[in-house]
Amino acid sequence: MKKFDFMEANARKREIGSRLSEIADKISGNDQLTEEVREQLNSESATLREELNVLNMRISAAMANEAAEKVSREQKADKNAVLRELLKSEDANGVRMKREVTLGVLTVGAKNNITSAGAIDLTVKDLMPDLDEGLIWGKVGINVQTNVKGNILWPYATSVVQMEEKGEKAALTDQSINFDNITVVPSRCGATIAISNEAIDDASFDLMGYVQKAITLAQQRYLNWKTFSHDNTLTGMKGPWASKVGSIATLEATYANILSAKAELIDAGVEMRNFAWVVDASAEALLKSTPKADGQGGFIIQNGTLDGDPYFVSHYIRQTSAKAKAADMYIGLGAWNYLAANQHGEVRLVIDPYTKAVNNETVITLNTKWSLTTLRDSAFAIYKLTAASDSSTAANPE
């Protein structure tokens with residue numbers, strides 16, 4: 001985006017001011033002006049005043065943006081300094097320490113408490129900025145909570161109360177409501193990176209940005225795989241499709257089949273909030289070239305939607321393990337409000353200046369806990385996708 005030019009804007013303001021003065025002089029006390037000329041001058045004056053108002057608003061906004069950017073740069077520089085100080089910490093004898101520190105969840109007025117408690121003045125999102133940014137989580141509508149404390153239980157009814165229609169004095173049938181709980185099981189997740197001691201000492205090196213990128217990408221890759229893989233051998237965290245591997249049906253890529261797959265979720269009584277499809281790149285290519293039913297016009301995927309619904313591409317839906325890729329194409333769908341993602345408790349950093357001292361590196365290891373909880377199995381479905389057997393579906397429908 002082009003940077004706002006204050007000199008150009010102020011020069012234009014002066015031009016407008018000069019012209020408005022000229023117009024005012026012409027109109028004031030000049031009875032010789034025709035009504036038509038007077039209207040033209042008044043119209044020009046109104047247009048110029050509107051432009052002047054817009055210019056003033058743009059200048060004010062640009063000044064506010066510059067001030068915000070300055071604060072952001074100062075904060076980033078400050079975070080770099082905090083991280084460098086942390087990594088270079090020494091004990092009373094001037095020897096660099098190997099130690100564990102806690103990342104705080106910083107709130108207004110909490111800085112002193114965090115520092116005195118042994119945490120550092122960095123928040124969870126300083127080292128893991130917007131985790132759902134590189135995940136599909138935020139896009140499909142998975143809500144992410146961080147720093148969750150204690151145990152989480154989701155109660156749900158195991159019986160359904162039915163309405164009855166009876167006569168005026170007929171007794172209603174006694175019905176009971178029974179409950180069970182879905183329990184969240186957190187799993188430990190971690191990442192470790194080595195940083196050159198020269199980079200730590202180099203004031204011009206964006207240390208914070210480097211650490212953020214390395215840790216965030218590692219988390220994104222891992223959480224995407226855990227969420228969208230259909231590997232039934234997964235341990236710990238599992239997405240909604242991992243338990244469906246033994247019963248994955250084949251779906252022929254026709255418009256009617258796509259509509260039916262979504263209808264099955266609706267017929268199961270699923271609340272279709274945050275509904276979205278997930279496909280691998282090959283499945284996307286197939287559906288982009290597969291027309292809808294005769295007379296419908298268009299293709300199943302077009303204009304960035306899958307028949308009007310949001311869809312997202314992830315190669316992890318095709319992976320049966322962290323490295324293995326299935327031969328088949330896959331398409332998944334779900335109401336993603338029924339999948340809960342939580343980061344639990346503290347985020348801890350272990351700083352080790354010794355293990356890789358021979359390489360002149362300091363090792364940072366991050367440990368925390370995450371959980372993925374499917375609140376309703378029937379809200380999700382996954383299929384192997386095959387091209388339609390009817391060759392006519394490959395023709396251009398237009």
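No value in this document is a laboratory result; all are computed from the given coordinates. No experiment lies behind these values; they were computed from the predicted model shown. Cβ: placed from backbone, ideal geometry, glycine included. Neighbour counts: every protein chain shown.
The table for this structure:
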| read-out | value |
| --- | --- |
| Net charge dipole size for segment 219-299 [Lys, Arg +1 and Asp, Glu -1 on Cβ; Debye, nearest 20] | 320 |
| Prolate/oblate/rounded call for segment 226-269, Cα gyration tensor, a/c under 1.5 rounded | prolate |
| Highest-first arrangement of 36-49, 186-199, 366-379, where packing means the average Cβ count within 10 Å | 366-379, 186-199, 36-49 |
| Distance in nm between pseudo-label sites at K13 and T34 (7 Å out along the Cβ direction from Cα) | 3.8 |
| Sequence-distant residues sharing a close amide H with Y330 (under 5 Å, placed H) | D280, A283, L385 |
| Simple spin-label estimate for L48 and R188 in nanometres, 7 Å along Cα-Cβ | 7.4 |
| Residues with amide H under 5 Å from that of W277, placed H, sequence gap 5 or more | Y311, F312 |
| Phi to ³J(HN,Hα) by Karplus 6.51 cos²θ - 1.76 cosθ + 1.60 over segment 301-314, Hz, x for Gly, Pro | 10, 7, 6, x, 9, 9, 6, x, 9, x, 9, 9, 9, 9 |
| Residue-span extension gain [N360 to R273] - 0.36 nm each, minus C-alpha spacing | 26.2 nm |
